Amino acid sequence: MAERREEEQTSTYKSLFDRLSTSAQYYQQYNGKVEGALATFTQVLIDGKRGRYNRVEEYIFGPQLVIRGLIDWKVRTNDSSPSAIALIALAVEVQRLTYLSDFKGAYKKLSELERTIRKRKDSEVILSTVINQAEDSVTVEATAPHKSERTADRIKEEVGGKDILFIALAHGGVPAGMDVYLRYCASTKNTKSAFYPVRYSRRKSSDQMPQLSSAEIRHLKKISAGKTIIIFDEDTKTRHTLDGAVAYLQRTVFDGKRVIGMTNHDRSTTG
């Protein structure tokens with residue numbers, strides 16, 4: 001029953017990004033902690049499930065902030081446990097359901113995520129993780145819905161309707177990445193694909209390589225079985241980050257298996 005409902009949701013995907021304003025960069029900005037991001041987005045979802053809609057930017061960037069905080073906590077504390085993956089996966093499910101406008105389902109998953117965090121011995125460490133996200137007009141431009149639609153079409157042309165493992169490079173690639181992923185799933189009626197965010201922020205976080213724990217490497221190997229692997233960055237100026245991620249993941253995680261890099265906005269090809 002749950003699988004059938006997911007198929008119905010995905011096949012009728014109506015992107016929130018189609019209503020995204022050009023001033024969205026101002027709503028992308030956030031300075032706070034994970035606990036605050038959880039509280040704020042909980043209220044947004046409560047309003048949504050009651051039919052009192054907030055700005056669309058809050059639904060788009062709200063779950064991304066939670067994902068960002070959890071990934072940064074995982075990297076900073078070097079948590080390589082499967083339970084850390086489970087937290088990130090729950091946050092991703094909140095994002096997926098939110099983007100499908102299933103605010104009731106997203107609220108339930110967000111509540112489950114917060115309960116799970118608060119039961120942990122390190123709950124205060126997680127909840128107090130700082131999130132500093134500056135406005136970024138380039139990322140917002142690369143998140144434009146017509147660009148995501150074009151990327152989804154390119155993936156479809158490349159792999160047909162096959163199952164994919166879609167890895168979005170955090171942090172900027174997570175919102176647009178989920179939109180591209182859901183557009184692909186809707187156009188191909190695919191319900192067996194998977195989505196996972198991986199931090200590789202060379203400029204903003206000085207990452208020298210994709211930030212993966214040993215448990216995440218095992219997890220990605222497992223969920224990639226039978227799937228074509230897509231690495232996504234919303235924007236690239238030199239392709240160093242995207243091509244570096246493709247090469248690293250192909251070598252370190254996927255044992256030489258074909259890995260395809262995709263972007264919404266490739267500025268390296270413009271004069």
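Do any of Lys204/Lys237; Lys104/Lys147; Lys147/Lys221; Lys147/Lys257; Lys14/Lys147 go past 18 Å between their Cα atoms, and which? Mind showing how you got there, number by number?
Values: Lys204/Lys237 14 Å; Lys104/Lys147 29 Å; Lys147/Lys221 29 Å; Lys147/Lys257 27 Å; Lys14/Lys147 15 Å.
Cα-Cα > 18 Å for Lys104/Lys147; Lys147/Lys221; Lys147/Lys257; rest within.
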Any idea what log10 I(q)/I(0) is at q = 0.14, 0.20 Å⁻¹ for the range 172-231, Debye with uniform C-alpha scatterers and no solvent?
-> -0.49, -0.90
Take every DSSP beta bridge whose two residues both sit in the range 117-271, then give the antiparallel share in percent to the nearest 5.
-> 5 percent
Could you tell me what percent of the DSSP beta bridges with both partners in the chain are antiparallel, to the nearest 5?
-> 20 percent
Give me the net charge of Val246's neighbourhood, meaning all other residues with Cβ under 13 Å from the Cβ of Val246; Lys, Arg count +1, Asp, Glu -1.
-> +2
The range 87-168: proportion of alpha-carbon pairs further apart than 14 angstrom, % | 76 percent
Work out, in µm²/s and without decimals, the Stokes-Einstein translational diffusion coefficient of the range 133-271 at 20 °C, 1.002 mPa s, Rh from Kirkwood over C-alpha pairs.
-> 143 µm²/s
For Arg258, what charge total do you get from the other residues with a beta carbon under 13 Å from its beta carbon, if Lys and Arg give +1 and Asp and Glu give -1?
-> +2
Could you list, bin by bin from short to long, the percent of Cα-Cα pairs of the chain in 5 Å steps?
-> 1, 6, 13, 18, 21, 19, 14, 7, 2, 0, 0
Descending semi-axes in Å of the range 46-135, equivalent ellipsoid built from Cα gyration tensor = 24, 15, 11
Per-selection Kirkwood Rh - the range 61-211 (Cα, Å, 1 d.p.) | 16.2 Å
What ³J(HN,Hα) values, in whole Hz, does the Karplus curve 6.51 cos²θ - 1.76 cosθ + 1.60 give for the range 215-232 when θ = phi - 60°, with x put for Gly and Pro?
-> 5, 5, 4, 5, 4, 5, 4, 5, 7, 7, 4, x, 10, 7, 9, 10, 10, 10
The chain: relative contact order from alpha carbon pairs under 8 Å, six or more residues apart, as a whole percent, is 21 percent
Could you order Glu112, Glu234, Glu141, Glu157 by accessible surface area, starting with the largest, using a probe radius of 1.4 Å?
-> Glu157, Glu141, Glu112, Glu234
How about Lys108: which aspartates and glutamates have a C-alpha closer than 20 Å to its C-alpha, ignoring those fewer than 8 places off in the same chain?
-> Glu3, Glu6, Glu7, Glu8, Glu35, Asp47, Glu58, Glu93
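The values are calculated or read from the model by the stated rules, or taken from the named source; none is laboratory data. None of the values given here were measured: they were computed from a predicted structure. Ideal geometry is used to build each Cβ from the backbone, glycine not excepted, and the neighbour counts take in all protein chains shown. In case anyone asks, the SASA skips ligands and DNA or RNA and just uses the protein heavy atoms, side chains included. Shrake-Rupley method; radii C 1.70, N 1.55, O 1.52, S 1.80 Å.
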